[in-house]
Amino acid sequence: MAQKVSRRLIAQVVAAKLAEQPKAADAKHVMRELAAFLMENKLLDDADVLMNDIAEELYRLTGRLVVEVTSAHPLEDAERTRLTDYLERATGAASIDLHEAVNPGLIGGLIAKTPSAELDVSVQSTLRQLTALA
Amino acid sequence: MANDLSVHELSQELQEAIKGLRQEQGLEESGVVTRVGDGVAWIYGLRSAGYNEVLEIEATDGAQVTAFALNLLEDEIGAVILGNDSKISAGARVTLTGRLLDVPVGPEMVGRVVDPLGNPLDGKGPIEAKNRGLIERAAPGVMARKSVHEPLMTGLVAIDTMIPIGRGQRELIIGDRQTGKTAIAIDTMINQGRQKTGVINVYVAIGQKLSKIAALQERLKREGVMDQTIIVATSPSDPAALLYLAPYAGCAMGEYFRDNSGHALIIYDDLSKHAVAYRQMSLLLRRPPGREAYPGDVFFQHSRLLERAAKLSDDLGAGSLTALPIIETQAGDISAYIPTNVISITDGQIFLETNLFNQGNRPAISVGLSVSRVGSAAQTKAVKAVSGSLRLDLAQFRELASFAQFASDLDEETKSRIDRGQRLTELLKQRQYQPLSIAEQVVSVMAATEGAFDAVPVAKVKDAQAELLSIIASDHTDVVKALNKGDKPTDEIKAVVLKAAKKVADGFAAASKSKVKA
């Protein structure tokens, strides 16, 4: 029986390649090779979590942290700066790369996700917990 | 005004509830459930999770479900869910708690029936325990211990005379189904109450029928022992994770008394079901199966549990935790995998045989196969003084028992050994829920081994014993007092007992002769 390749190992190899080749064209080539590898080894279902692992490895190698921020309303500049400062202090990252999205369903506040952690200060989450207590 | 007050109170309650929600809302490490089923959740992320660390999974309704990490793999974590897994879906958020599983411990638990997480099951309200104990804990080291030297009396003559148990010992009770294993455990617990030993009982029911647990609780209440007993209950319908945790949780509760200069007795009923529950969990966690599909570390599950039963040194308070694990065999096979594992861990075993049970010898203890590795070091001097020849007499009887049918062809010495053995075997029979005190055991065994009952018909030995005990209790209270202290019987005491025994025996012998004449 073929041994399953560790997803973490795949992420380490891919992240190392991406860190060596910062140009967009080279990164595209690496991603195509990765897609072919996943298809050949029937690992397509792991693609999402693998990207998360790659992001974490890239952060470890380059100090650049990718953060997905979902907020109830579009972030203002001051809010963006405060969030970035907080994340830099909390994670020790050299730089923060924010990817913003808006979800009115949060009602208020925001959710910030890094590859391995989450900051959830949304009103929706607080209400859900209050409901569970009832 | 009434409306204002109620709004104010509601507002306060709301503020308290909000305070209780995630005190520090900072960046916290989180993972996500990738798949869930059969009580196991596979989690992506949480790289810094520790083995056995408690995790919290956010269910679909916002409630937090507890789980603990048992499989730390390179790409994912396998966590066993404690609670209802039906409300957990893939994509659920998981956070670390930074703590290991613990249960409430302390005197507040005594008299209560709880589940392995310490939640009350007896409907008597919440338990306000001041202390908590870790479910997984290291056993005391060598220097923390003292050798077992204090007796733990079960009240069963066959055990206290020939297979004596001491405080801090692990004595296995092993036998087929319906041979009286739990009955021995119950009588031992009742005896702690009757003799006012101060020993706290912890009964861990692992996958036992709820009706059986309820009946046990009722019996302990009736005997006045429930107020010094903790019952940790799991039924066959509980998740395997709870059955797995039950003995460790019970042990944590017993350890509280051990570590605070007290004495506790813990009964694991039974570890065979515990091994099966652990096997189920391990197979669902995709751990490689070994012999009989048990995981490779099934021995370690029991050895680390039973090592926590110990007698502590005087420096550490001289407390003790005595363990009576129970194992159920199939067709009397004590050489099977799990039985041999636990036999090699414990300090002796009490082997119950179906044949003996069916013949009416109850407790159905096989004296030949049972042993206590602590032995007379844990026996009261009084009992030790009279039980010396008991095992030998019974061993000789067993060798000759098959010749009993040829009574007329045997020499006198053989006949007398058979007669003595038959009477000793009859004497060792004991009704359930009737443990005997030290004095009662010493008087009974002394009378039989000194030959006082040799003239009593075998079928009347128990009646003769009852009459003798009644006479000693009513006419010789000083003898009862002296013997119950545990000291070796003096010649005067021996003379009083044997005189009374002879009188009783003569009465039964005469009655038997007149019956024969008629």
Problem set entry | Total formal charge among the other residues, if their Cβ is under 13 angstrom from that of B:ASP176, Lys/Arg +1 and Asp/Glu -1 | -2
For this session: Would you mind getting me the FRET efficiency between B:SER147 and A:ALA78? Use the beta-carbon distance for r and R0 = 51 Å, nearest 0.05.
Result: 0.10
For this session: Please give the helix B:491-517 orientation as an angle from the longest Cα principal axis of chain B, in degrees from 0 to 90, rounded to the nearest 10.
Result: 70 degrees
Exercise. So what's the angle, to the nearest 10 degrees on a 0 to 90 scale, between helix B:412-428 and the longest Cα principal axis of chain B?
Worked result: 40 degrees
Exercise. Of B:LYS311/B:LYS481; B:LYS196/B:LYS481; A:LYS17/A:LYS113; B:LYS221/B:LYS311, which sit over 22 Å apart, Cα to Cα?
Worked result: B:LYS311/B:LYS481; A:LYS17/A:LYS113; B:LYS221/B:LYS311
Seminar exercise, completed: Per the 1/(1 + (r/R0)^6) rule, R0 = 45 Å and r from the Cβ atoms of B:SER344 and B:LYS221, FRET efficiency to 0.05 is 0.75
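Considering only the protein assembly as shown, what is the antiparallel percent among its DSSP beta bridges, to the nearest 5?
Looking only at bridges with both residues in the protein assembly as shown, the antiparallel portion is about 60 percent.
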Exercise. For the residue pair B:LYS124 and B:SER376, what label-to-label distance in nm results when each label sits 7 Å from Cα along the Cα-to-beta-carbon direction?
Worked result: 4.2 nm
Exercise. Taking the alpha-carbon set of the range B:368-518, what are its Rg and Dmax in Å?
Worked result: 16.0, 52
Exercise. Give or take rounding to whole Å, what are the principal axis extents of the alpha carbon atoms in chain A, in descending order?
Worked result: 51, 35, 23
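For the range B:393-474, what is the relative contact order in percent, using Cα pairs closer than 8 Å and at least 6 residues apart in sequence?
Contact order relative to length: 30 percent.
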For this session: Out of all DSSP beta bridges with both ends in the range B:199-351, state the antiparallel percent to the nearest 5.
Result: 10 percent
Seminar exercise, completed: Simple spin-label estimate for A:HIS29/A:LYS42, 7 Å along Cα→Cβ, in nm, reads 3.2 nm
Exercise. Between A:VAL13 and B:ASP297, what is the FRET efficiency for a Förster distance of 51 Å, r being their Cβ-Cβ separation, to the nearest 0.05?
Worked result: 0.95
Problem set entry | 10 Å binning of all Cα-Cα separations within the range B:237-361, expressed as whole percents from 0 upward | 12, 37, 32, 16, 3
Seminar exercise, completed: Straight-line reach check, B:LYS499, cutoff 19 Å on alpha carbons, 8 or more apart in-chain or any other chain, hits among aspartates and glutamates -> B:GLU440, B:GLU450, B:ASP454, B:ASP463, B:GLU467, B:ASP475, B:ASP478, B:ASP491
Exercise. In what order do B:PHE299, B:PHE453 fall by count of nearby beta-carbon atoms within 10 Å, going from fewest to most?
Worked result: B:PHE299, B:PHE453
Seminar exercise, completed: Relative contact order as a percentage, chain B, C-alpha pairs under 8 Å and 6+ apart, gives 14 percent
Exercise. Any idea what the relative contact order of the range B:75-199 is, in percent, if you count C-alpha pairs under 8 Å spaced at least 6 apart?
Worked result: 16 percent
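Values quoted throughout were computed directly from the atomic coordinates according to the rules given, and no laboratory measurement underlies them. Just so you know, these numbers come straight off a predicted model, no measurement behind them. Glycine gets a Cβ as well: all are built from the backbone with ideal geometry, and neighbour counts include every protein chain shown.
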